[in-house]
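Structure first, then comments.
The values are calculated or read from the model by the stated rules, or taken from the named source; none is laboratory data. None of these values were measured; they are calculated from a predicted model. Note that we place each Cβ from the backbone using ideal geometry, even for glycine, and neighbour counts take in every protein chain shown.
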Amino acid sequence: MDKPSRIRDATLAERLLLGLHASLPAALLACGLLQLFPPASWSAPAQRPLWAAWAGIGAWLALSLMLAALPRRLLLWRWALTLSAVLLLAAALAGTALHSAQALSFALALVLLGAVCAALAPALGPHRLREHWRAAPSPAHAQKESARRWPLPAWRRLWRALPFWVAGGLLLEAFRLAHIVAREPQRGTGMVGMLTAFFLLLPAATLAPWLPRSTAALAVAAAALHAWLGLRSGLPQWWAAAALSLLVAWHVLLRRRTPRPPGIRT
C-alpha cells in the first residue's frame, strides 16, 4: 500500500512570493531595454516623468501575478527562465542592430546568459522537498496529528505568519518615508529600508520553515542594517524595525523545534 501523501499544492500567496522573485530578472531586463533603447519621443532618463518608474513597477507586479496564476511552482520557474532568455536575446539583437558601443561583446555575453536560462528551463524536473523519515506513529501520536488538521485559532495563525507581517509592515513604512515624506534623511533611509525588507526579511519569512538558521541570520543582518539606519538618521522607527527584525529571528529559531511542514508539490 502506498504511503499516504502529505504533499500539498502551493497556495496562491506562496506562488505570488515566488513570482516576485522569479520575475525580477525579466522585469529588470525589460526596464533596461527601455532605458537603453527608448522611443524617439522620449526625453533623457533624468527628465522622464515619475509615472514611467511606476509603470515599470506595475509591469513587474502584473508579471508576478501572471506567473502566480500558473498551477505549479515548476511551471512558474520554467516560464520565468524562458522569458528571461527571450529578453536577453532581444537585448543582444537590439544592441547589434543599433551598433551600440561594444555591441558584439555584449551580444555574445547576453546570448550566453540566454542560452544558460534556456537550458535550465527544461532541465527543471519534478521534485519534492525532502522529509524526515519517522517510525510508524503510535495511536496517541496519530490522534495528535489528527487534531492538528483542525483550523488553528486566529492568534496562532497570526503568530505563525509574524515574519510576513513584519516584512510587509516595514516595507510599507520604508515606502512612506522614501516616496511620501520624500525629504532627507527620511528619503535615503527609506530607500535602504525597502531594499532590506525585500532582499533580507522577505526571503527570511519565505524560507524560514526549511532553512531556519540561514533565515535567522538574514533577520539578524536586517536588524543590524536597521540599527545602522537609526544611528545615521536619528529616526526612532528604525530602532523599532531593528527590534522587530530580532523578533523575527527569535521566531524562526523557536519554530525550528517544531516538525518541518509537509512538502509542497512542484
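Tabulated data
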{"quantity": "Failed item in (1) crowded, with 16+ Cβ neighbours inside 10 Å; (2) at pLDDT below 70, with HIS21 passing the rest", "calculated": "(2)"}
{"quantity": "Candidate set: the stretch 125-158, residues that are among the aromatic types (Phe, Trp, Tyr) and at pLDDT below 60; chosen: the one surrounded by the fewest Cβ atoms within 10 Å (Cβ to Cβ)", "calculated": "TRP133"}
{"quantity": "Only one of LEU110, LEU65, LEU93, LEU16 that is at pLDDT 85 or above and either part of a loop (DSSP other than H, G, I, E, B) or not assigned by TED's automatic domain parsing to the domain that holds THR206 (or both)", "calculated": "LEU65"}
